[in-house]
């Protein structure tokens, strides 16, 4: 299969701190990979290198065959082809839900207001929020904000979606609605890389789980295998911690 | 005191208008409004240069801001009084001199407000915009500035208040604003300086106090608005995009 995202010997330093240590891995088109691991293990850093929110010091990352960290790449155009969903939603508070979604199609792909509006309404409908088109982010619950954020990321029709702890900032009762949207996306064949500790989600839709610790992927397995019988001692410790909480 | 107001009220309010040029409190307000509104776009430009990734923009703008902020306003008045005519090759009115000075001075101060306002915005806003594929300038224009300028409205209003007070420096180059009018009144009365200058002080005080109160009111409204918006959770890294 053709790899959609390929990490090749990625090294990332914060000063003297080696945040990513020679990470090599790949994600096939249509594959859903869940990345988990203790905090500080480098999972957020890794996902943020994919659309170059973080620079790397060594190795190469390619998305759909394009070298992301090459000098002179049309970064804006490249980024518009990758959907990114943040832990804190990062909706634009001065714009309505609809305008949040319409912004990039109009500014980046030059769609007309009519087309962008049609697209945004369809996306809001897809995340179950057609009735909230004119609401401002602060008028929406956390779960609703994150669903709008997912719709916003989908507006550029990216072949890849990255999720950086999309449910970590949510109250427990709102996690389900966001995961539901993500599951639908996964079933529709979207290539997804998700940093999350939602084991139920991983079991249900992930093809593989990567377990990261101290800047490395130390275990890579099918979710059933991973959750039932983790191999690495640190993965065992992490999973038992996760269950007791 | 009331009799002074009765006799000289119009002079303090509008100067020698309609028989001569407009002056007094009206001119003071005109200067402040023009000063701030011309300085504002300049200050946004300066602020954007100050945070620019390009050294060629960052260094000169920083030097300008530091120089202007590092000298007393009256030095700037003298400089424009003597420099502007030399630069443009013809004499300019005292009004223009003062206006140019106020614009330069306020642009430097307001650029620091604008810069702080931009930097106070959560980094996630820029990251979200850039992740969607928006360019740096699109991010500034469509995401960062609309939010930060709105948030800094109270600070900009208090900057307007200090500009009102700063226009009084026009007295030294004979701009017929409020302070100049008051000193004219004093010169014709000769023996009642305390009353004249009390009226002058009270006028500034009342105008500025009401505007300051308005700024406080605005600020409370904005704080209330902001506290209902999303909370920020610290991220692992704070690397700029």
> What whole number of Å gives the distance from the Cα centroid of region A:182-245 to the Cα centroid of region B:158-173?
Replying inline: 64 Å
> Which angle between 0 and 90 degrees, to the nearest 10, do you get for helix A:113-126 versus the longest principal axis of chain A when only C-alpha atoms count?
Replying inline: 50 degrees
>> Test of understanding: in a Gaussian network model of chain B with alpha carbons linked when under 10 Å, which of B:217, B:95, B:160 would top the mean-square fluctuation ranking?
In response: B:217
> Across peptide A:37-46, what mean number of C-beta atoms from other chains lies inside 10 Å of a residue's C-beta?
Replying inline: 1
> Who wins for biggest fluctuation among A:209, A:160, A:21 in a Gaussian network model of chain A, springs between alpha carbons below 10 Å?
Replying inline: A:21
> Does anyone have the angle between helix B:153-166 and the longest principal axis of chain B? Alpha-carbon axes, 0 to 90°, nearest 10?
Replying inline: 30 degrees
>> Can you tell me which of B:201, B:61, B:158 moves the most in a GNM of chain B? Springs connect C-alpha atoms under 10 Å apart.
In response: B:201
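Going by C-beta contacts inside 10 Å, put B:114, B:63, B:103 in order with the fewest on the left. Write out the running numbers ahead of the final one.
On the way: B:114 25, B:63 10, B:103 21.
With the sparsest Cβ surroundings first, the list reads B:63, B:103, B:114.
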> Given the C-alpha centroids of region A:110-154 and region A:5-37, what is the distance between them in whole angstrom?
Replying inline: 31 Å
> Among A:36, B:49, which comes first, second and so on when ranked by fewest other beta-carbon atoms within 10 Å?
Replying inline: B:49, A:36
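Using Cα-Cα distances under 8 Å and only pairs 6 or more residues apart, what relative contact order does region B:1-55 have, in percent? Working shown, then result.
Numbers: 24 pairs, mean separation 9.8, N = 55.
Computed over region B:1-55, the figure is 18 percent.
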> How far is helix B:193-227 tilted, in degrees, relative to the longest principal axis of the Cα atoms in chain B, given as a value from 0 to 90 rounded to the nearest 10?
Replying inline: 20 degrees
> Could you work out the helix-only [θ] at 222 nm for chain B, with each DSSP H run of four or more residues adding -39,500 (n - 2.57) and the total divided by the number of residues, to the nearest 500 deg cm²/dmol?
Replying inline: -24500 deg cm²/dmol
> Just from its helices, what would the mean residue ellipticity at 222 nm be for chain A, if runs of 4 or more DSSP H residues each count -39500 (n - 2.57) and the sum is divided by every residue, rounded to the nearest 500 deg cm²/dmol?
Replying inline: -11500 deg cm²/dmol
> Counting pairs of alpha carbon atoms under 8 Å apart in space and at least six apart in sequence, what relative contact order in percent does region A:10-139 give?
Replying inline: 18 percent
>> Suppose a student asked you for the relative contact order of chain B, using Cα pairs under 8 Å spaced at least 6 residues apart; what percent would you report?
In response: 26 percent
> Separation of region B:26-61 and region B:93-142 by C-alpha centroid, Å?
Replying inline: 8 Å
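Using Cβ counts within 10 Å as a stand-in for footprinting exposure, how do A:49, B:7 rank, fewest first?
Working: A:49 23, B:7 12.
The most exposed by this proxy come first: B:7, A:49.
Throughout, read-outs are computed from the coordinates displayed, never taken from laboratory work. As the structure is a computational prediction, the values presented were derived from the model and not from experiment. Please note: Cβ atoms are built from the backbone with ideal geometry, for glycine as well, and neighbour counts cover all protein chains shown.
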